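*Asks:* This is the structure, below, for whatever I ask next.
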Amino acid sequence: MISGLDHLVVLVEDIEAGTSACESLLGCSPAWRSESEDSKAVLFTLANMSLELMAPAGRSPAAEHIREVIRQSGEGLASICFRVEDIEKMHRRLGRLALQPEAVADVESRDAGSGVTLRWKRTRPATDLTRGVRMFFLELAEGRTVSVTTSDAPVLGLDHVVISTDDPERAAALYGARLGLDMALDRSHPDWGRLMFFRCGDLIVELVQRPGGPKDTARDRLWGLSWRVADLEAARARLKAAGFGVSEVRAGRKPGTRVMTVRDGTCGVHTLLLERTARA
């Protein structure tokens, strides 16, 4: 039913500052800009998904809600949107799963630069029933315009999106048994906690239960992103030159990978860059 990850939404206070930061981080230009009476949005579209930045605009109740979310939680990941081939079929499945989906809506957006219009159909289940993660399902009428590379050693695509959970069994039941994502890995480690990988197209939805700390077994949280690059040293050098704080390169938890942490300039999103070195 789910064919891949369509996009992730990041809330930012200032759309221009967020756009500049993401352009420097990803090494590519925005592919889409739009504005409504409530918000301004910018999309960066990579090979396997899009990253949408959204900032409040105007003084409508919806705009004030966005501002309140940012005041309470800061900038960062706000929602996840899965792509499907048949939205009506997905809507029926969500209903059978008692996830209380909204009626399917026809939506369109116009690019401020080119004037091109993109249309899609979407639905979303009740957030309280998806363990606190704001979740959408979308059927696109046309393909998205891909971002243009602006730097050497750019980000190629998303490797995995990380969701933090304190109830891994229930979270796994939601993403696996109920939404139909295929579990690729279930591993526990005394230092890392429990890691579960679910395939979603050519990337991974990762559930993480960290050891210790406060427990909220009813709600999960969109936590971070790991981006793919071809040459980690070159990407690190590019980001350092641009003023980003970055860690040293280290071996990844997944065999055959190397990673580094980007410490700032990520619009409040925990961020890794990942290079695949060899097949495990």
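*Asks:* Compare the peptides 105-111, 17-23 by average per-residue count of other Cβ atoms within 10 angstrom and give them in order, highest first. Intermediate values should be presented prior to the final figure.
*Replies:* On the way: 105-111: 13.0, 17-23: 18.6.
Result, highest mean first: 17-23, 105-111.
*Asks:* Also: What does DSSP give for the chain in terms of the percent of beta bridges that are antiparallel, rounded to the nearest 5?
*Replies:* Details: 60 of 79 bridges.
Counting DSSP beta bridges with both partners in the chain, the antiparallel share is about 75 percent.
*Asks:* Relative to the Cα centre, what is the charge dipole magnitude of region 33-76, using +1 at the beta carbon of each Lys and Arg, -1 at the beta carbon of each Asp and Glu, and rounding to the nearest 20 debye?
*Replies:* Details: 5 positive and 7 negative charges, 19 e Å.
Computed charge dipole of region 33-76: roughly 100 debye.
*Asks:* Right, another one. What does DSSP give for region 2-140 in terms of the percent of beta bridges that are antiparallel, rounded to the nearest 5? Can you show the working numbers first?
*Replies:* On the way: 29 of 38 bridges.
Around 75 percent antiparallel, to the nearest 5.
*Asks:* For a quick protection proxy, order the peptides 37-50, 168-181 by their average other-Cβ count within 10 Å, most packed first. Don't skip to the end; give the middle numbers.
*Replies:* Values: 37-50: 19.5, 168-181: 17.8.
Per-residue mean Cβ counts within 10 Å order the peptides as 37-50, 168-181.
*Asks:* Also, I was wondering about something else. Just for region 62-183, what percent of DSSP beta bridges are antiparallel, to the closest 5?
*Replies:* Antiparallel bridges make up about 70 percent of those DSSP assigns within region 62-183.
*Asks:* Kirkwood hydrodynamic radius for region 157-276: how many Å is it when counted over pairs of different Cα atoms? Display every interim value, and only then the final one.
*Replies:* Details: mean 1/r = 0.0657 Å⁻¹.
About 15.2 Å for region 157-276.
*Asks:* Name the residue farthest towards the positive end of the dipole of the chain from the options 17, 247, 257, assuming +1 on Cβ of Lys and Arg, -1 on Cβ of Asp and Glu, about the Cα centre.
*Replies:* The Cα lying farthest towards the positive end belongs to 257.
*Asks:* Which whole number in µm²/s is D for region 2-140 by Stokes-Einstein, with the Kirkwood Rh taken over Cα pairs at 20 °C and 1.002 mPa s?
*Replies:* Numbers: Rh = 15.8 Å.
After rounding, the answer is 135 µm²/s.
*Asks:* Using a Cα-Cα cut-off of under 28 Å, which lysines could be cross-linked to residue 89, ignoring same-chain neighbours fewer than 8 residues away?
*Replies:* In chain and number order, the partners are 121.
*Asks:* Something else: Counting each DSSP H run of 4 or more residues in the chain as -39500 (n - 2.57), what helix-only mean residue ellipticity at 222 nm follows after dividing by all residues, to the nearest 500 deg cm²/dmol? Show your work: numbers first, answer last.
*Replies:* Numbers: 5 runs with 50 residues, N = 280.
Taken over the chain, the calculation gives -5000 deg cm²/dmol.
*Asks:* Ok, one more. Over the chain, what relative contact order in percent results from Cα pairs under 8 Å that are six or more residues apart? Could you put the intermediate results ahead of the total?
*Replies:* Details: 653 pairs, mean separation 52.7, N = 280.
Reported relative contact order: 19 percent.
*Asks:* Only Cα pairs under 8 Å and at least 6 apart count here; give the relative contact order of region 2-140 as a rounded whole percent.
*Replies:* Values: 272 pairs, mean separation 35.7, N = 139.
Dividing the mean separation by the residue count of region 2-140 yields 26 percent.
*Asks:* A further question follows. Could you size up the charge dipole of the chain around its Cα centre, putting +1 on the beta carbon of Lys and Arg and -1 on that of Asp and Glu, and report it in debye to the nearest 20?
*Replies:* Working: 38 positive and 39 negative charges, 160 e Å.
It works out to roughly 780 debye.
*Asks:* Using just the C-alpha positions of the chain as equal point scatterers, what log10 of I(q)/I(0) does the Debye formula give at each q in 0.08, 0.14 1/Å?
*Replies:* These q points yield log10 I(q)/I(0) values of -0.33, -1.09.
Since every read-out is calculated from the coordinates, none of them should be taken as a lab result. What you are looking at is a predicted structure, and each value in this text was computed from that prediction instead of being measured. Counting neighbours? That spans all protein chains shown, and the Cβs are built from the backbone with ideal geometry, glycine included.
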